[in-house]
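So the structure is just underneath, and the comments pick up after that.
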Amino acid sequence: QLVDKRNELGAGATIVVGDCNPFASGGASEGSFESNLASRGIPLVYMGTGQFGGYGGLDKIFATSEWTTLAAMDEGTGGSDHPAISASLRL
């Protein structure tokens, strides 16, 4: 639905960030949130590792090909069970 709305609005360069909980869609016939974004032109550019705390592999940043990833990293947790993640992207 997200990608359909993006296309309906005629959006160009797009960034999607979120807690993706990939295990929640394991085995789903429709695929995962991540696989659906990737197959529709919004690939993964960074996935939180949990390097400084929090659970790795859940929080992700996706961006269309108009963006160039300059850097991406975990930033700590701020007391959450998820890492804060960031990416520097150039349009």
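The values are calculated or read from the model by the stated rules, or taken from the named source; none is laboratory data. What you are looking at is a predicted structure, and each value in this text was computed from that prediction instead of being measured. Neighbour counts are summed over all protein chains in view; Cβ atoms, including those assigned to glycine, are modelled from backbone coordinates with ideal geometry. Just so you know, the surface numbers come from the protein's heavy atoms only, side chains and all, with ligands and any DNA or RNA stripped out. Shrake-Rupley method; radii C 1.70, N 1.55, O 1.52, S 1.80 Å.
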What length, rounded to one decimal in nm, is gained on full extension from residue 73 through to residue 44, with 0.36 nm per residue of separation minus their alpha-carbon distance?
-> 9.1 nm
List every residue whose amide H lies under 5 Å from the amide H of residue 59, counting only residues 5 or more places away in sequence or on a different chain, with H placed 1.01 Å from N in the peptide plane.
-> 20, 48
Taking only Cα atoms and a 10 Å spring cutoff, compute GNM fluctuations for the chain and point out the largest among 32, 80, 65.
-> 80
Nearest-10 value in Å² for the accessible area of residue 70, using the 1.4 Å probe = 100 Å²
Could you work out how far apart the two model spin labels at residue 55 and residue 88 are, taking each label as a point 7 Å from the Cα in the direction of the beta carbon, and quote it in nm?
-> 3.1 nm
With +1 on each Lys and Arg Cβ and -1 on each Asp and Glu Cβ, how big is the dipole of region 1-72 about its Cα centre, in debye rounded to the nearest 20?
-> 60 debye
Using the Cβ atoms and a cut-off under 12 Å, what net charge is assigned to the surroundings of residue 17, where Lys and Arg are +1 and Asp and Glu are -1?
-> -1
Leaving out ligands and nucleic acids, note down the accessible area per residue over region 21-78 with a 1.4 angstrom probe, in whole Å².
-> 56 Å²
Which parts of region 35-57 would a label at residue 65 reach, counting a residue when its backbone N lies under 14 Å from a point 7 Å out along Cα-to-Cβ?
-> 38-44
Report the full-extension gain for the segment residue 14 to residue 81: residue separation times 0.36 nm, less the Cα-Cα distance, to one decimal in nm.
-> 21.4 nm
Whole-number percent relative contact order across the chain, with pairs defined as alpha carbons under 8 Å at least 6 apart | 26 percent
Using a 1.4 angstrom probe and counting only protein chains, how large is the accessible area of residue 73 in Å², to 10?
-> 80 Å²
FRET efficiency, residue 30 to residue 7 (Cβ-Cβ, R0 30 Å, nearest 0.05) | 0.95
For the chain, which whole-number percentage of the solvent-accessible area (1.4 Å probe, protein heavy atoms only) is attributable to carbon and sulfur atoms?
-> 52 percent
Cut-off 11 Å between beta-carbons: net charge of the residues surrounding residue 60, Lys and Arg +1, Asp and Glu -1 | -3
